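Step one of this worksheet: look at the structure below.
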Amino acid sequence: MAFIDRVLRPPAYGWTDANGELSQPTPRQLFREWFSRLNFLRTRKNWQAFSMLVFTGSLVPFLLAFLFFHFSWPLVVVGFFYSMVAMGSYGTVWLHRFGTHGAYRFESKLWRFITRNLVIRICPDEIYLVSHHVHHAKSDQPGDPYNPKGGALYCFLADVNHQPIATDLSEADYARVVRMLERTGEPHHSYEEYLRWGTAEKPLRTYLSFGGNWAFWYGTFFLLGGHALATASFGSALFWAVGIRTFNYGAHGSGKDRRREGVDFNRNDLSINQLWSGMVAGEWHNNHHLFPLSASNNFLWYQLDIPFLYIRFLERIGAVSNVRDQKPTFLKRYLAPYRAAPGGEAAAEPPAVSSPARR
């Protein structure tokens, strides 16, 4: 079994069925697995999965405080842009393009720290980074932690059911996991500590890091606009925390082939370019699967890429280097031949907002 096949903790229903096809768990099986992995009293190795519920659930009181005590329509608009644009772009900049793919390199530890804490943090790096490597290696295949063919609930519960690393890795395999995470700059468990806790990240450090991040941002929002702005921002973060769990399901056509000629040039999986997620967070997902190491995803004329604008800013001030922009390669290798072919003149028109993104 290859490393990429064993690095994640398999669910009780397995990645495949008896015929080697994708295992299709029932909702009952999915929830049974979910509750089992949240039970940190049974084993401390469940602490990280439980923490995902803690971090997300802790946003609920902020949302309720805003709705019942500080509600205003202007702050609804502010919260909407904060969750969709700021938090969405942060996920792309830090977790996706840097943390997983190393599409650029930080020259300044200060700017790495600032970027890591650009917004309210909710997802531990380890949960996202390791599983996303597996996603690219096995996209839409059994073993893909958020395989859209497993269904919406399969993807929605993936952060707990499918994304944590295996708890019984060999010392050599665990060292490879640490190398996947090392560019974040955080210290990780020794192998002996990993065998005890089941994760590379350290529980106390994770909670202190998140606590410091939340305290800083609540204080900043409070100074700017009182409890009203602070609760609106933290409450809106809940929508990102929940919505991100549905992203890959929609971004891979809900398990169906919804790729469009002249828009989705990667044909190796079901990923599609969605107008909404692309515009607010630079997540032109088919472009990303075509060139996963690229710091830019804005390959067609209408594709806004806010995360890449931030990366370019960091490059201009000397905070990052080795920025990989593969747009010229895309234009030469894919778009130019397509436009030269019969009927290619109408290529690269923007997709409708509702069609590919519809659940």
What single numbered condition from (1) small (Gly, Ala, Ser); (2) at negative phi; (3) modelled with pLDDT of 95 or more fails to hold for SER108? (3)
Just checking, how many residues over region 114-138 are touching a residue at least 12 places away in the same chain (Cβ under 8 Å) and either more than 18 Å from ARG6 (Cβ to Cβ) or aliphatic (A, V, I, L, M) (or both)? 17
Kindly indicate the residue of region 294-317 that is out of contact with any helix residue (DSSP H, G or I) (no Cβ under 9 Å at 6 or more places or on another chain) and in contact (Cβ under 8 Å) with a residue 40 or more places away in the chain and also nearest to LEU118 (Cα to Cα) among those meeting that condition. GLU315
Region 167-203, residues that are more than 25 Å from PHE113 (Cα to Cα) and either basic (Lys, Arg) or touching a strand residue (DSSP E or B) at 6+ places or on another chain (Cβ under 6 Å) (or both): ARG196
Which one of ARG205, ARG183, ARG245, ARG176 is within 26 Å of VAL78 (Cβ to Cβ) and among the charged types (D, E, K, R)? ARG245
Can you tell me which of (1) surrounded by fewer than 22 Cβ atoms within 10 Å (Cβ to Cβ); (2) more than 24 Å from ALA166 (Cβ to Cβ); (3) of a type in the set (Ser, Thr, Tyr) is the one TYR104 doesn't meet? (1)
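Yes or no, residue by residue, for (1) more than 25 Å from HIS288 (Cβ to Cβ); (2) surrounded by 21 or more Cβ atoms within 10 Å (Cβ to Cβ):
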site	(1), (2)
ARG9	yes, no
TYR13	yes, no
GLN48	yes, yes
PHE71	yes, no
ARG97	no, yes
THR100	no, yes
If the Cβ limit is 6 Å and pairs must be 6+ apart or interchain, which residue in region 17-38 that is surrounded by 15 or more Cβ atoms within 10 Å (Cβ to Cβ) pairs with which residue that is of a type in the set (Val, Ile, Thr)? SER23/THR16; TRP34/VAL160; ARG37/VAL160
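Table: residues versus (1) of a type in the set (A, V, I, L, M, F, W, C); (2) within 15 Å of the chain's Cα centre (by Cα).
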{"position": "ARG267", "(1), (2)": "no, no"}
{"position": "ILE272", "(1), (2)": "yes, no"}
{"position": "TRP276", "(1), (2)": "yes, no"}
{"position": "ALA281", "(1), (2)": "yes, yes"}
{"position": "LEU309", "(1), (2)": "yes, no"}
Within region 128-159, which residues are among the basic types (Lys, Arg) and either under 23 Å from GLY102 (Cβ atoms) or surrounded by fewer than 19 Cβ atoms within 10 Å (Cβ to Cβ) (or both)? LYS138
Enumeration of residues in region 184-201 that are surrounded by fewer than 18 Cβ atoms within 10 Å (Cβ to Cβ), free of Cβ contacts under 8 Å to residues at least 60 places away in the same chain and within 25 Å of ARG97 (Cα to Cα): PRO187
For region 290-312, check the following and say yes or no: at least one residue is at pLDDT 95 or above and of a type in the set (D, E, K, R). yes
Can you run down the residue pairs with Cβ atoms below 9 Å, 6 or more apart or on separate chains, where the first is in region 319-331 and within 15 Å of PRO307 (Cα to Cα) and touching a residue at least 40 places away in the same chain (Cβ under 8 Å) and the partner is outside any helix (DSSP H, G or I) and aliphatic (A, V, I, L, M)? VAL320/ALA295; VAL323/ALA103; VAL323/ALA295; ARG324/ALA103; ARG324/LEU293; ARG324/ALA295
Is it the case, given these coordinates, that VAL93 is more than 30 Å from ARG196 (Cα to Cα), in contact (Cβ under 8 Å) with a residue 24 or more places away in the chain and part of a loop (DSSP other than H, G, I, E, B)? no
Any chance you could count how many residues in region 255-287 are touching a Gly at 6+ places or on another chain (Cβ under 9 Å) and assigned to a helix (DSSP H, G or I)? 6
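The values are calculated or read from the model by the stated rules, or taken from the named source; none is laboratory data. For clarity, every value in this text was computed on a predicted model and none was experimentally measured. Note that each Cβ is placed from the backbone with ideal geometry, even for glycine, and that neighbours are counted across all protein chains shown.
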